[in-house]
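Undergrad: Below is the structure I would like to discuss, written out as structure tokens.
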Amino acid sequence: MTREPDAIAKIAQLLDGSRCAIAFTGAGISTESGIADFRSPGGVWSRYQPVLFQDFLQSEDARRRYWIMKKEGYHELKTAKPNKGHYALARLEAAGKMMAVITQNIDGLHQDAGSRRVLELHGTSRYCLCLNCAARFSPDEIQESLEAGVDIPRCKHCGGLIKSATVSFGQSLPPDVLAEAYDLSAQTDLVLALGSSLVVEPAASIPLRAKNNGAHLIIINQTETPLDRIADVVVPQPIGATLSGVMQRLGYDL
Ligand code: ZN
């Protein structure tokens, strides 16, 4: 294992030599902003079963459970702020070093940090959608109705089912976003895989494709991943602190 100062130097060196890096981010970058990873102990899923999309469509009870979870998670998402990891990626994009951020997260923190090209593989929690007429609703408005006692919000235009614009289990990833992500993985010369366990498919194959295509691969994640073996640098440390060190070394302010 590369020691930490050496790892920071090596990442800085790889970024310095890169012309078209991409970042691939998972829950780990957002836990540093206080958003609990729903898969971890204490996360939403340790208390509730995730609601499958088919069940959401078919069962009143599943919809009720879905909105209980959303109601409970609302304030955490609403008050979360980007951290140094998010800001570092936005800064690299602004400096012309990074092409895009591909994320498994739905919290919108990359955009809040100033990243412009963000590919959200699992959709976004920043709006809700009528599944019938595609009208959009603000999560604030929906939360207000939940807190006022509505258990299953309905579209005020057509009465259709409303759901967060996130991708649920049993729902396919947006094909256009996925295609763009695969294109980027073919073009890039350096992937920073940050805070993802790199096991959920097909998303996890994006860094693998890039690596097989000759790109360098940097993994910053607290736990081991299946791609550690083939990565150029593996850092089992916090993302914000690591990227701060890298940015400092490259001479960028954060
Ligand atoms: Zn509608």
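The values are calculated or read from the model by the stated rules, or taken from the named source; none is laboratory data. Quantities reported herein were computed from a predicted structural model and do not represent experimental measurements. No Cβ is skipped: glycine too gets one built from the backbone with ideal geometry, and neighbour counts run over all protein chains shown. The area values use the complete protein model at the heavy-atom level, side chains included, leaving out ligands, DNA and RNA. Shrake-Rupley method; radii C 1.70, N 1.55, O 1.52, S 1.80 Å.
Undergrad: Is it the case, given these coordinates, that residue 199 is of a type in the set (Val, Ile, Thr) and either loosely packed, with under 14 Cβ neighbours inside 10 Å or closer than 17 Å to residue 20 by Cα (or both)?
TA: It is true that residue 199 is of a type in the set (Val, Ile, Thr) and either loosely packed, with under 14 Cβ neighbours inside 10 Å or closer than 17 Å to residue 20 by Cα (or both).
Undergrad: For the stretch 143-160, which residues satisfy the criterion of being touching a residue at least 40 places away in the same chain (Cβ under 8 Å) and crowded, with 16+ Cβ neighbours inside 10 Å?
TA: Once the filter is applied, which keeps residues that are touching a residue at least 40 places away in the same chain (Cβ under 8 Å) and crowded, with 16+ Cβ neighbours inside 10 Å, the stretch 143-160 yields 143, 146, 153.
Undergrad: Let me ask something additional. Any chance you could count how many residues in the stretch 119-135 are within 13 Å of the ligand (Cβ to nearest atom) and either in a strand (DSSP E or B) or open to solvent by less than 10 Å² (accessible area, probe 1.4 Å) (or both)?
TA: 3
Undergrad: Kindly list the number of the only condition in (1) aliphatic (A, V, I, L, M); (2) away from the ligand (no atom under 16 Å from the Cβ); (3) under 20 Å from the mean Cα position of the chain (by Cα) that fails for residue 146.
TA: (3)
Undergrad: Of the residues 241, 210, 179, which single one is touching a strand residue (DSSP E or B) at 6+ places or on another chain (Cβ under 9 Å) and of a type outside the set (S, T, N, Q)?
TA: Matching residue, one of 241, 210, 179: 210.
Undergrad: Let me ask something else. Given the options 193, 204, name the one that is without any contact (Cβ under 8 Å) to a residue 24 or more places away in the chain and of a type in the set (A, V, I, L, M, F, W, C).
TA: Criteria check complete, one pass: 204.
Rundown of residues vs (1) more than 16 Å from the ligand (Cβ to nearest atom); (2) touching a residue at least 40 places away in the same chain (Cβ under 8 Å); (3) exposed (fewer than 15 other Cβ atoms within 10 Å of the Cβ), yes/no style:
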{"residue": "61", "(1), (2), (3)": "yes, no, yes"}
{"residue": "69", "(1), (2), (3)": "yes, no, no"}
{"residue": "75", "(1), (2), (3)": "yes, no, yes"}
{"residue": "97", "(1), (2), (3)": "yes, yes, no"}
{"residue": "104", "(1), (2), (3)": "yes, yes, no"}
{"residue": "137", "(1), (2), (3)": "no, no, no"}
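Undergrad: Related question: State yes or no: is residue 181 open to solvent by 40 Å² or more (accessible area, probe 1.4 Å) and more than 16 Å from the ligand (Cβ to nearest atom)?
TA: No: the conditions fail for residue 181.
Undergrad: Let me ask another. Would the stretch 93-104 turn up any residue that is within 23 Å of residue 18 (Cα to Cα) and in a helix (DSSP H, G or I)?
TA: Scanning the stretch 93-104 turns up at least one residue that is within 23 Å of residue 18 (Cα to Cα) and in a helix (DSSP H, G or I).
Undergrad: Now a separate question. Report, by residue number, each residue of the stretch 201-235 that is within 15 Å of residue 28 (Cβ to Cβ) and in a strand (DSSP E or B).
TA: Correct list: 218, 219, 220, 234, 235.
Undergrad: If you scan the stretch 149-171, which residues turn out to be more than 21 Å from the chain's Cα centre (by Cα) and among the hydrophobic types (A, V, I, L, M, F, W, C)?
TA: 150, 152, 155, 158, 161, 162
Undergrad: Select from the stretch 1-42 the residues that are at pLDDT 95 or above, assigned to a loop (DSSP other than H, G, I, E, B) and charged (D, E, K, R) and list them in ascending order.
TA: Correct list: 32 only.
Undergrad: Looking only at residues in the stretch 237-252 that are outside any helix (DSSP H, G or I) and in contact (Cβ under 8 Å) with a residue 60 or more places away in the chain, which one is surrounded by the most Cβ atoms within 10 Å (Cβ to Cβ)?
TA: That would be 238.
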